[in-house]
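The values are calculated or read from the model by the stated rules, or taken from the named source; none is laboratory data. Just so it is clear, the structure is predicted and the values come from calculations on it, not from any experiment. Neighbour counts are summed over all protein chains in view; Cβ atoms, including those assigned to glycine, are modelled from backbone coordinates with ideal geometry. SASA here: full protein model, heavy atoms, side chains in, ligands and nucleic acids out. Shrake-Rupley method; radii C 1.70, N 1.55, O 1.52, S 1.80 Å.
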Amino acid sequence: MGRGLFGATHYVASLPLVDVDRLVREGIRLVLLDRDNTCVPRDADSAPKEVVDWLERARAAGLKLCLVSNNFHSSQVGRTARELGVEVVDHAMKPLPFALFRAMRLMGAAPTQTVMIGDQVFTDVTAGNLAGVRTVLVRPQSRSDLWYTHIFRIFERLALRGTTFDGE
């Protein structure tokens with residue numbers, strides 16, 4: 001892939017700014033989405049309207065959608081999936097790629113037709129790269145994070161120094 005284990009295919013300021021038409025032009029059929037701080041701010045219970053609108057645009061363009069979440073609160077993740085009208089693979093254990101493989105099997109898509117969109121380099125982007133799919137890194141929706149994610153964010157900032165995010 002030429003970008004290394006921690007490099008994303010695209011960098012976009014937020015999920016609603018990801019260009020759905022571009023995904024379709026690039027042959028994407030399946031969008032794998034992280035839940036926390038990608039679709040739903042960590043300090044909120046549900047996705048903001050802009051995210052819901054983006055999911056509707058993606059669906060209208062023929063894209064399949066699936067949450068792939070490390071969040072161990074299955075009821076919370078399942079509720080979000082139902083509210084958003086998407087499939088879900090929880091307990092993903094990203095950066096391991098196995099949940100992404102499972103989601104692709106579930107949704108009937110090949111790695112070349114799949115993109116992983118998330119807010120963390122060391123989980124979402126790495127899992128996507130290990131699974132052989134394209135990746136989009138977005139900025140986290142909230143500054144609220146788990147204590148250990150705050151530690152990873154320090155290293156992310158170092159790794160992303162000089163990176164430009166579309167939409168900023």
Please report the carbon-and-sulfur percent of the accessible area for segment 27-122; probe 1.4 Å, protein heavy atoms only, DNA, RNA and ligands left out. 56 percent
Around ARG134, what is the net charge, scoring Lys/Arg as +1 and Asp/Glu as -1 over all other residues with Cβ under 14 Å from its Cβ? +1
May I ask for log10 I(q)/I(0) of segment 1-49 at q = 0.14, 0.16, 0.28 Å⁻¹, from a Debye sum over the Cα atoms as equal point scatterers with solvent left out? -0.47, -0.60, -1.18
Return the single residue from SER14, SER74, SER46 with maximal mean-square fluctuation; model: Gaussian network over the chain, springs between Cα atoms under 10 Å. SER74
Largest fluctuation, THR112, THR38, THR80 only, Gaussian network model of the chain with Cα springs under 10 angstrom, belongs to THR112
Restricting to DSSP H runs of at least four residues, report the calculated mean residue ellipticity at 222 nm for the chain, -39500 (n - 2.57) per run over all residues, nearest 500 deg cm²/dmol. -10000 deg cm²/dmol
Write down Rg/Rh for the chain, rounded to two decimals, with Rg from the C-alpha atoms and Rh from the Kirkwood relation over Cα pairs. 0.92
